[in-house]
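**Q** First, the structure itself, so that you have it in front of you.
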Amino acid sequence: MSTTPKPPFRKLRGYAFDPALSLQMDMASINTIVYKIPWEEVAREATKVDDSTKSNQNKDDEIIGLKPGPVGEYLEVIDFDPTVGKFYKPVDLNDSYILAQDGLDPSEGNPQFHQQMVYAVGMTTIKNFERALGRRVIWAPKRELKKNNQKGEYENYVPRLRIYPHALREANAYYSPQKKALLFGYFSSVPANESIQMPASLVFTCLSHDIIAHETTHAILDGMHRHYNEPSNPDVLAFHEAFSDIVALFQHFTFPEVLKNQIRKTRGDLASQNLLGQLAQQFGSAIGSYGSLRDAIGEIDEVTNQWKPKPPNTTDYRTVMEPHGRGSILVAAIFDAFISIYKDRVADLLRIASNGTGILSQGELPSDLVNRLADEASKAADHVLQMCIRALDYCPLLTLRLVTICVPLLRPMSI
Ligand SMILES: [Zn+2]
C-alpha cells in the first residue's frame, strides 16, 4: 500500500469550447484546457462477491474506481456506434502513459479522446453541483416492469449515468429519461459561412463542452426533480432547457485563460460580444446559422450579419412557447444579473485605472488589470452558478413557473 496521499484530482486535457475554435489562429492556444476532476482510484472490487447470488449487472455495480470506458462511480461511457455496428476500444485513463500526459491529446479523429472528453466535462458538471449542494448527485431511478407475471412497475436504482458518444448519425444530442443515458450524435456540416466551417466536415456533438454540460445537467435535474420532465405547464420544460444552458454558460468562467482572453478582447465589457455568453458555436455554425446555437446577450442581425445586443422583449413570455426559446428568457435574466454583479465588483478597479473617470483610455489593457477583472468575473460567475444550483432545493416538487424560480434565484444574488 502506497504511503503517498492520493492526488486530489485527475487532470484531463479537452476543448474549452469545441474543436472548431482551434481552427482560429488566435484562439487555438486557449481552446485546449486541462479539466481537473475528482480522482477516482484504479478499479477494484469493493467487497467479496458471492458469485452464485450476484447477477453480472450487480457484480459490475460492486466495482469501485475507474475502469476502461471510462466507467467510474458516476458515469459509464459506452462507445457503440449503431450506424456502423461497432464498439470503439474504451480508453483506459489509468494507463501510465495517458496519466503522465494529462490524458489523451485533443483530437477529432480519435474515438478514445471523445470518450475522455465526455467523461471530463460530465464529471466537471457533477463536481459543480456537489460543491454547491454539499451532497452527492444521485440519478433518477429507472422505472421497469415487474417480472414473473406481476403487474405494475418498480423503481430500479441507477448507479451510473450511461453516455454514448456516437449514438446517432444526426445533428442532435439528448438526455433520455427512459434509458437514463446521454446520447450524442455526429453529422456532416452544412455551414452558412464556409470561411468559418468546412462544408461536409464531420461535427461531433460529444466534443462540445456546452452540449455535454447541458445534457449532463438535464440528467442531474431529473435526479433532483423527477416531475420536471412532465409538461404540466409551458414553463416546466423551458426551465429544464434554461437551467442546462445556465450551467454550461457559467462553467466557461472557470477556464482562466479563456476568461482572460475574452476580457482582453472586450476590454472588460462582458456585455459586448464574447464567447463566454455563447453556447455551442460549432454546432450552430454547422447547422447553417450565422452564429452560435444560442447567445445569452445578443444575436446575429439577419441583414448585416453582424452581432448586436438583444434587448429584453416584454412580449416573449406570452408568445414564445418552444422550450429552448422560452428558456432563453430565464437565461438572459440570469446572465443580466451576473453582468450587473460583475460591473459592481469591478467599478473601483476601472476608476483606479482611469484617473477616477471609470472610462478606460484607448489601447490594450495592462495585464495586471486583465488579471484582476478576470478574477472578479470568475468569482461573480461562481457565485451566480452556486446560487442557481442551491435554488433547486427551494423549488416546488411537482411543477413550477419561471417567475417562481426567479424568486429563490435572484433574491440571494442581491444580498
Ligand atoms: Zn436540452
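**Q** Placing unit charges on C-beta atoms (Lys and Arg positive, Asp and Glu negative, everything else neutral), compute the dipole magnitude of the chain about its Cα centre in debye, rounded to 20.
**A** Value, rounded to 20: 860 debye.
**Q** From Cα coordinates alone, what are the radius of gyration and Dmax values for region 230-415 in angstrom?
**A** My reading of the Cα-based Rg and Dmax gives 17.4, 55 Å.
**Q** Looking at ALA337, MET321, GLN362, which one has the Cα that reaches farthest to the positive end of the dipole of region 230-415 (charges on Cβ: Lys, Arg +1; Asp, Glu -1)?
**A** Going by the charge dipole, the pick is GLN362.
**Q** With r defined as the distance between the Cβ atoms of ASP344 and ARG131 and R0 fixed at 25 Å, what FRET efficiency is calculated, to the nearest 0.05?
**A** That pair, ASP344 with ARG131, gives E of 0.55.
**Q** Output wanted: per-residue J couplings in Hz (rounded whole) for region 329-342, from phi through Karplus 6.51 cos²θ - 1.76 cosθ + 1.60, θ = phi - 60°, x for Gly and Pro.
**A** Residue by residue, region 329-342 yields 5, 5, 4, 4, 5, 5, 5, 5, 4, 4, 4, 5, 5, 4 Hz.
**Q** With both partners inside region 112-198, how many of the DSSP beta bridges are antiparallel, as a percent to the nearest 5?
**A** Percentage antiparallel, nearest 5: 65.
**Q** Between region 92-146 and region 166-191, how many Å separate their Cα centres?
**A** Between the Cα centres of region 92-146 and region 166-191 lies a distance of 17 Å.
**Q** How far is helix 111-133 tilted off the main Cα axis of the chain, in degrees rounded to 10, range 0 to 90?
**A** 80 degrees
**Q** Work out how much length TYR157 to THR4 would gain on full extension: take 0.36 nm times their residue separation and subtract the Cα-Cα distance, in nm to one decimal.
**A** 51.6 nm
**Q** Could I have the simple spin-label model distance between GLU364 and ARG143, label points 7 Å from Cα toward Cβ, reported in nm to one decimal?
**A** Between GLU364 and ARG143, the label points sit 5.9 nm apart.
**Q** How high is the relative contact order of region 254-378, in percent, with contacts defined as C-alpha pairs under 8 Å that are six or more residues apart?
**A** The normalised contact order for region 254-378 reaches 24 percent.
**Q** How large is the convex hull of the Cα atoms of the chain per residue, expressed in Å³ as a whole number?
**A** Per residue, the Cα convex hull of the chain comes to 182 Å³.
A short reminder: the numbers here are calculations on the coordinates, not readings from a lab. All of these numbers come straight from a predicted model, not from anything done at the bench. Cβ atoms come from the backbone with ideal geometry, glycine included; neighbour counts cover every protein chain shown.
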